[in-house]
Amino acid sequence: MDDVADAPGALLVARLTEAHQTLACAESLTAGLVAATVADTPGASAVLVGGVVAYAAEVKTALLDVPADLVARVGTVDPAVAALMAEGVRRRLGSTWGVSTTGVAGPGPSEGKPAGTVHVAVSGPSGTVTRALELKGTRAEIRAATVEAVLRLAAQESGATRQTPAPPGEARGTVGLSDHLDGGSAPDRTTPAT
């Protein structure tokens with residue numbers, strides 16, 4: 001990118017600062033890279049509340065309230081797990097927005113899924129969205145592409161709040177189709193349950 005202000009982390013910080021909103025990160029395969037990327041932007045302290053590096057399944061269940069029976073059933077690389085991680089960090093840290101990453105960085109498969117299988121989620125006032133990614137490259141490239149994807153999704157969602165604020169932790173339903181990083185289609189939508 002030619003302009004640092006166009007970087008997804010900088011764009012997200014600008015949007016959240018303008019709206020007086022905050023961000024929390026729940027990260028598995030990125031292990032803190034999302035929060036670090038946001039923190040690289042001057043003024044990030046106005047929006048970045050904190051984060052949880054939830055590399056192990058036990059941390060996802062204990063700190064982010066992802067049900068252990070769900071993890072036992074589907075594993076940790078799943079859109080429902082990503083959604084619950086984003087909602088859990090948002091609720092636990094009291095932020096306006098929660099983002100999450102979970103997936104397989106490689107070099108080999110994990111949980112029967114190939115390297116590059118990634119799910120990201122963004123939870124905010126208008127609900128929770130997930131995006132499924134099928135990434136190629138080295139471990140570092142997969143992790144970097146994941147950071148880029150979740151920050152772009154968060155910037156997109158934070159600029160398009162569609163409903164009145166919902167309290168963190170409100171029950172959510174699940175909707176959606178898979179999306180690919182380069183596919184350009186809309187993210188999966190998880191909206192407040194009725």
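The values are calculated or read from the model by the stated rules, or taken from the named source; none is laboratory data. Since this is a predicted model, take the numbers as computed values, not measurements. Glycine gets a Cβ as well: all are built from the backbone with ideal geometry, and neighbour counts include every protein chain shown.
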Note to self: With the requirement that a residue be among the hydrophobic types (A, V, I, L, M, F, W, C) and touching a Cys at 6+ places or on another chain (Cβ under 8 Å), what does segment 49-76 give you?
What the structure shows: 52
Next item on the list: Residue by residue through segment 25-47, note down the ones that are outside any helix (DSSP H, G or I) and out of contact with any strand residue (DSSP E or B) (no Cβ under 6 Å at 6 or more places or on another chain).
Entry: 40, 41, 42, 43
Notebook entry, point to check: Just for segment 87-105: of the residues that are in contact with a helix residue (DSSP H, G or I) (Cβ under 8 Å, 6 or more places away or on another chain) and either assigned to a helix (DSSP H, G or I) or free of Cβ contacts under 8 Å to residues at least 12 places away in the same chain (or both), which one is surrounded by the most Cβ atoms within 10 Å (Cβ to Cβ)?
Noted result: 89
Note to self: List pairs: first residue in segment 16-43 and on the phi > 0 side of the Ramachandran plot, second residue among the β-branched types (Val, Ile, Thr) anywhere in the structure, Cβ distance under 7 angstrom, at least six positions apart or on different chains.
What the structure shows: 31/53; 32/53; 43/13; 43/17
Item checked: Of all residues making up segment 124-154, the number that are of a type in the set (S, T, N, Q) and within 21 Å of residue 48 (Cβ to Cβ) -> 3
Note to self: Going residue by residue through segment 184-193, is there one that turns out to be of a type in the set (Gly, Ala, Ser), modelled with pLDDT of 95 or more, surrounded by fewer than 21 Cβ atoms within 10 Å (Cβ to Cβ) and out of contact with any helix residue (DSSP H, G or I) (no Cβ under 6 Å at 6 or more places or on another chain)?
What the structure shows: no
Next item on the list: Check off (1) touching a residue at least 60 places away in the same chain (Cβ under 8 Å); (2) part of a strand (DSSP E or B) for residue 50 and give me the number that stays unchecked.
Entry: (1)
Notebook entry, point to check: Regarding residue 83, is this residue touching a residue at least 24 places away in the same chain (Cβ under 8 Å), out of contact with any helix residue (DSSP H, G or I) (no Cβ under 8 Å at 6 or more places or on another chain) and more than 19 Å from residue 140 (Cα to Cα)?
Noted result: yes
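Yes/no per residue for (1) in contact with a Leu (Cβ under 7 Å, 6 or more places away or on another chain); (2) modelled with pLDDT of 95 or more; (3) of a type in the set (Ser, Thr, Tyr):
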| residue | (1), (2), (3) |
| --- | --- |
| 94 | no, yes, no |
| 105 | yes, yes, no |
| 110 | no, yes, yes |
| 121 | no, yes, no |
| 136 | no, yes, no |
| 140 | no, yes, no |
| 160 | no, no, no |
| 168 | no, no, no |
Note to self: Looking only at segment 40-62, how many residues end up being over 13 Å from the mean Cα position of the chain (by Cα) and either crowded, with 17+ Cβ neighbours inside 10 Å or closer than 17 Å to residue 121 by Cα (or both)?
What the structure shows: 10
Note to self: Given (1) touching a helix residue (DSSP H, G or I) at 6+ places or on another chain (Cβ under 8 Å); (2) more than 20 Å from residue 118 (Cβ to Cβ), identify the lone condition not met by residue 6.
What the structure shows: (1)
